[in-house]
Amino acid sequence: METSNRNRIITLDEFILKQQKEYTSSTGELTNLLRDIGVAAKIINREVNKAGLVNILGVAGAENESGDTVQKLDIYANDKLIECLGNSGECAAIASEELENFVALPPVAKKKPKYVVVFDPLDGSSNIDVNVSVGTIFSIYRRISDPAGPITIDDFLQPGTSLVAAGYVLYGTSTILVYTTGHGVNGFTLDPSIGEFCISHRDIKIPEDGAYYAVNQGYYLKFDLEMRRYIDHCSDMNFGLRYIGSMVSDIHRIMIQGGIFLYPHTRKYPKGKLRLLYECNPMAMIVEQAGGIAITCNLERILDLPVNDLHQRATISIGSPKMVSEMKAFVEKYSAVKS
Ligand code: AHG
Ligand code: MN
Ligand code: MN
C-alpha cells in the first residue's frame, strides 16, 4: 500500500538544504549560516517567552548607537546571535543595531568565511514589558573585501540589491521565521513540542491590495502635507488602522492580509527613524520577493539606496503594490501643489 507523505513535516534545516541544492551549486556555507540563525532564534524565543518570569525585563540603563533606550532583552538577543553565528565559522563579521561598530568573528578551523551578517536583534523592544509581539530581523551579504585581509566597513555598506538573504523572526502568538534567498519567501512556524521550525507558509505572496494601514498616527501633524493627505484618504476609505510598534509584526500582518506600513520623516527624525541596514533593506527584500513594493517617502526604491553609514536611517512606505502605488500618486500630486 502506498503511503501519502503530503502531511510530512518539513523542518527549516531540511528546507534550506533542499533549496540551496536546487538554486545554487551549494557548498553548504549559506545553509550553515541560516541554520546558525535558526538556532539563535530558538534561544531568543525561549527567553522572550519567559521574560515575565525572570529578572530580564526592563531597561538596561544605556542608549544604543541610534539613541534609543536599550532593553535587557536587546542585549541578550544581540549576544546570542553573535554567539550562534560563531558556531559554523561561515560568518566573517557582524554588524548590529545595538553596536557602534562591526565585529569580526574569530575564525573556525581555518575556514575563510564568505559572508557577513547584519541584524536588529530585537525589533519593537518597547513592547516586551507589556507582553506584545517583538521580532528579530537579519540579512546576509557576500563579503567584498580581500579574504586574505581584514574585514572592512565596505563589506557592510552594500546596497540592498546586493543582499544574498534576508529574514525575520516574529515572536507572536506563535513564533514564525520567514526568509528569502531571492527565490520567493517561505515561513516556518516553531513547533514547541519538537523544538523545530516547520514549514507553514510556502511561497508567500503579499495580497495585491489591502484595507489596513500602519503608521504612528500620533505624529500626523508632524508629517508633510502629501503624507497627511494620503492618511486622510486611508481614513476616508474606512481602511483599518493597525499599529503595533514593531515593524516585524506590522509587516508580517501585511504580508498575509495586505496593507501598507509607513514611517515618514518627522521633525524629530528628519531622515526617518528606521535603520536602512538593519530594518528597511531586509524587510524591503522580503516584501519585494513576495510581490510587494518598498520605497522611501521620497519615492526612491529602498533596495537601490546607497548605504554610507552603518546606522543610516530612511523613511519607508512598504506593502501591497496597489496601496504603495496609490501612496506614490498622492506624494506626486501634493508635492506638486506645494512647489
Ligand atoms: P527597535 O525596537 O528595534 O528600536 O525598533 C522599533 C521601531 C520599529 O520596529 C517600529 O515600527 C518603530 O520603531 C516604532 O516607532 P514609534 O514608536 O516612533 O512609532
Ligand atoms: Mn527595530
Ligand atoms: Mn532593535
Handout entry: In sequence order, calculated HN-Hα J values of the stretch 167-172 (Karplus, 6.51, -1.76, 1.60; Hz; x Gly/Pro)
Key = x, 9, 10, 10, 8, x
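Given charges of +1 on the Cβ of Lys and Arg and -1 on the Cβ of Asp and Glu, with all other atoms neutral, how large is the dipole of the stretch 27-111 about its Cα centre, in debye to the nearest 20?
520
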Fill in the blank from the handout: With label points set 7 Å from each Cα along the Cα-to-Cβ direction at LYS205 and GLN257, the distance between them in nm comes to 2.1
Handout entry: Mean Cβ count within 10 Å, highest first, over the residues of peptides 169-180, 250-261
Key = 250-261, 169-180
Practice task
Measure nothing fancy, just the Cα-based angle from helix 29-49's long axis to the longest principal axis of the chain, in degrees from 0 to 90, nearest 10.
Solution key: 70
Exercise for the section: Note down the net charge around HIS311, summing +1 for each Lys or Arg and -1 for each Asp or Glu among other residues with Cβ under 9 Å from its Cβ. Expected result: -2
Practice task
Treat the count of other C-beta atoms within 10 Å as a stand-in for reagent exposure and order LEU303, LEU30, LEU122 from fewest to most.
Solution key: LEU303, LEU30, LEU122
Problem - Per-pair calculated FRET efficiency, R0 = 35 Å: ALA109 and ILE9 via Cβ, rounded to 0.05 - result: 0.65
Practice task
Report the relative contact order of the stretch 115-238, percent, no decimals, based on alpha-carbon pairs under 8 angstrom and at least 6 residues apart.
Solution key: 14
Completion exercise
Env charge @ GLY195, Cβ radius under 10 Å, K,R +1 / D,E -1, value 0
Practice task
At a Cα cut-off below 19 Å, give the aspartates and glutamates reachable from LYS111, other chains included and same-chain residues fewer than 8 away excluded.
Solution key: GLU29, ASP36, GLU83, GLU90, ASP146, ASP155
Completion exercise
Fewest-first ordering of VAL185, VAL59 by Cβ atoms within 10 Å yields VAL59, VAL185
Problem - Most to least packed among 14-22, 138-146 [average Cβ atoms within 10 Å] - result: 138-146, 14-22
Handout entry: For the stretch 212-338: lysine pairs under 20 Å (alpha-carbon distance), excluding those fewer than 8 apart on one chain
Key = 11
Fill in the blank from the handout: Those GluC sites (Glu not before Pro) from the stretch 201-295 that are DSSP loop and have at most 13 other Cβ neighbours within 10 Å turn out to be GLU208
Completion exercise
Computed, not fitted: 222 nm per-residue ellipticity of the chain from DSSP H runs ≥ 4 (each -39500 (n - 2.57)), nearest 500, equal to -9000 deg cm²/dmol
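Every number in this text was worked out from the coordinates using simple rules, so none of it is lab data. Computed from a predicted model, the values in this text were never measured in an experiment. Here the Cβ is made from the backbone with ideal geometry for all residues, glycine too, and neighbour counts use every protein chain on show.
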